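Novice: After the structure tokens below, expect a handful of questions from me.
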Amino acid sequence: MTTTKTDHRSIVSLKLPTRIQALITYAGGIVKALTGNPSFPTLVPMLVTLTAAIAELQTAETAALARTKGAVITRNEKRTALVQLLQQLKGPIQAAADANLENGASIVASAGVEVKKTVVRSPRVFGAKPGAVTGTAKLVTASAGHRASYEWEYSTDGGKT
């Protein structure tokens, strides 16, 4: 039985909600997932800061909903601060996933964030064969679509010119 080891890297992806209350819930879920998580023992100071930022945003959102003067600007500043902290948190999570490629996806998922889906692209098809008539070539490639144009160049000295 042969097993193949993958070198596929699991990439951390934050799916940040646009609504404030959803962002607060999302960030709280990340804090909950990371608290006591054995894969991330050194994140405790960052989690304290993140928890405080969530509480500040919740307070600012409450004031904005009550239509307190200047509260919307404060809420937006608190939102920006929270988003920056979440972006900073991606680094240590990614580092932990990179340190263990085999379990990287589960490590990322255990942090309460998403694993970015990688796009698998098929290789481009291109072929050149001698044509039926001397001095011609038959070229085969995928269509570039409607209203596309192709530019072809050739070299008679192996690509030097």
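Novice: Given labels modelled 7 Å from the Cα in the Cβ direction, how far is it in nm from K138 to A105?
Specialist: Placing both labels 7 Å beyond Cα along the Cβ direction yields 4.2 nm.
Novice: Two decimals is fine: what's Rg over Rh for the chain, C-alpha atoms, Kirkwood radius as Rh? Before the final figure, lay out the partial values.
Specialist: Numbers: Rg = 26.2 Å, Rh = 20.5 Å.
Using Cα coordinates only, the ratio equals 1.28.
Novice: For R79, what accessible area in Å² do you get when you roll a 1.4 Å probe over the heavy atoms of the protein chains, rounding to the nearest 10?
Specialist: Using a 1.4 Å probe on the heavy atoms, I get roughly 70 Å².
Novice: Extending each Cα 7 Å along its Cβ direction at T161 and V125, get the distance between those two points in nm, one decimal.
Specialist: 3.5
Novice: What whole-number value in Å² describes the accessible area per residue of the stretch 27-161 for a 1.4 Å probe? Each step should come with its number before you reach the end.
Specialist: On the way: 9860 Å² over 135 residues.
So the stretch 27-161 comes to 73 Å² accessible per residue, rounded to a whole number.
Novice: Share of the chain's accessible area from carbon and sulfur, percent, 1.4 Å?
Specialist: On the way: 6660 of 11920 Å².
Carbon with sulfur: 56 percent of the solvent-accessible area.
Novice: Take the Cα atoms of the stretch 60-120, find their three principal axes, and give me the spread along each one in whole Å, biggest first.
Specialist: Its Cα atoms span 52, 22, 18 Å along the three principal axes.
Novice: Mind checking the full-extension length gain between L65 and W152? Use 0.36 nm per residue of separation minus the Cα-Cα distance, one decimal, nm.
Specialist: Numbers: separation 87, 0.36 × 87 = 31.32 nm, distance 6.18 nm.
Once the chain is fully extended between L65 and W152, it gains 25.1 nm.
Novice: Another question about this same structure. Arrange the residues S143, S110, S10 by how much accessible surface each exposes, largest first, with a 1.4 angstrom probe.
Specialist: So the residues, ranked largest to smallest area, are S143, S110, S10.
Novice: By how many degrees, between 0 and 90 and to the nearest 10, does the Cα long axis of helix 44-65 differ from the longest principal axis of the chain?
Specialist: The two axes meet at around 80 degrees.
The values are calculated or read from the model by the stated rules, or taken from the named source; none is laboratory data. Because the structure is a prediction, the values reported are computed rather than measured. Glycine gets a Cβ as well: all are built from the backbone with ideal geometry, and neighbour counts include every protein chain shown. Accessible surface areas use protein heavy atoms only, side chains included; no ligands, DNA or RNA. Shrake-Rupley method; radii C 1.70, N 1.55, O 1.52, S 1.80 Å.
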